[in-house]
Amino acid sequence: MTEPLISLRHLSKHFTMDRDLLGRTTSVLKAVDDLSLDIFPGETFGLVGESGCGKTTVGKLLVDLYTPTAGEIVYGGVDLAKLRPQERRRYCRDIQLIFQDPYASLNPRMPVGDIIAEPIRVNRLQPAEKIDDRVGYLLNAVGLSANYRNRFPHEFSGGQRQRVGIARALAMEPKLIVCDEPVSALDVSIQAQVLNLLDDLSEEFGLTYLFIAHGLNVVKHISDRVGVMYLGKLVEVAPKRELYSNPLHPYTKALLSAIPVTNPALRTERILLEGDVTSPIDPKPGCRFASRCYAKSDCVGCDCDVEMPPLREVSPGHLVACYLHPGD
Ligand code: SF4
């Protein structure tokens, strides 16, 4: 069986929200809570959920922008969370991030050639005399002319700026790229181009992606497997086809019903979620989705309000955290 490229094991990231007079923590925001996930070489794993569910925090933990509160990030047989910063830097070069906002992520005072060359120079990835060629190659790889290297970010369109951001990530010769909603700030017509580009680059450069998005419609095109997050927890993971044809968790079903369908014959009834969203600050025990779950009444004798259901495998590769689907 293929070894995972990276494994998240019982990973948590909690933020202290309040302390008492003695400095003891009295209130905690559980952005990511006991999350376990394997990402395999060459695959694109789509991570989906609404704002505040913790998906971006997972991405930031992977690229070392946050330190985990608990759990392991195992890459190359090493737990990155336990390394000292200098040791971690060597591994973190393999894991790069493409930001959501292509404009804010580029230094407006630097020509794009310098933006792409900087990580190559700082990490001594190429001899000095070859850096210019490498920058030209990377610009071509993302569909831009090498002659654009002297232009500044404001001279590009949104889609072109995101291509520059992708080229900068590729400059580090990564194995895994965390794509944090890379198309959500772009026009719909440009989104497909950037998704196709990422798809092509994954083959050309042998990349693995963690692709973070709000909605299941965006990740459908690009993902091999999809994970759905709700309030810091993974609630469903499945291969793409299985998830879209046989969603099991009530929240996944609601997300799928929100995807616009042009063919009237294929339209299904929209599931509108009611009830308050459980606060991620000191969440109550029980299923995190319980306050909005329209299927809770079907789960007779379940512990929906008592304990969070564990993520269980219900069919090969299909895991769900819901008492309605207890698995084996
Ligand atoms: Fe709904 Fe209960 Fe399943 Fe949670 S465990 S999703 S509350 S049925």
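Just one of the listed residues (Asp33, Asp64) is charged (D, E, K, R), in a loop (DSSP other than H, G, I, E, B) and surrounded by 16 or more Cβ atoms within 10 Å (Cβ to Cβ), namely Asp64.
The test for being surrounded by fewer than 19 Cβ atoms within 10 Å (Cβ to Cβ) and within 25 Å of Asp34 (Cα to Cα) holds for Pro283. Scan region 82-118 for residues that are among the polar types (S, T, N, Q) and touching a Gly at 6+ places or on another chain (Cβ under 9 Å) and the total you get is 1. Screening region 217-328 for strands (runs of 3 or more DSSP E) wholly inside it with 2 or more residues that are within 12 Å of the ligand (Cβ to nearest atom) returns the ranges 225-230, 233-239. For region 199-250, give me each residue that is of a type in the set (Val, Ile, Thr) and over 22 Å from Arg312 (Cα atoms). Within region 199-250, Thr208, Ile212, Val218, Val219, Ile222 qualify. Just so you know, in region 69-92 the residues that are in a loop (DSSP other than H, G, I, E, B) and over 23 Å from Ala321 (Cα atoms) include one that is most open to solvent (accessible area, probe 1.4 Å), and it is Arg84.
Return yes when His10 is open to solvent by less than 60 Å² (accessible area, probe 1.4 Å) and over 15 Å from Val178 (Cβ atoms) and no when it is not. So His10 does not fit the description; no.
The values are calculated or read from the model by the stated rules, or taken from the named source; none is laboratory data. It should be emphasised that the depicted structure is a prediction, and the values quoted were computed from it without experimental measurement. Because the Cβ atoms are built from the backbone with ideal geometry, glycine has one as well, and the counts that use them run over all protein chains shown. When the accessible area is computed, the model is the full protein with side chains, heavy atoms only, and any ligands, DNA or RNA have been set aside. Shrake-Rupley method; radii C 1.70, N 1.55, O 1.52, S 1.80 Å.
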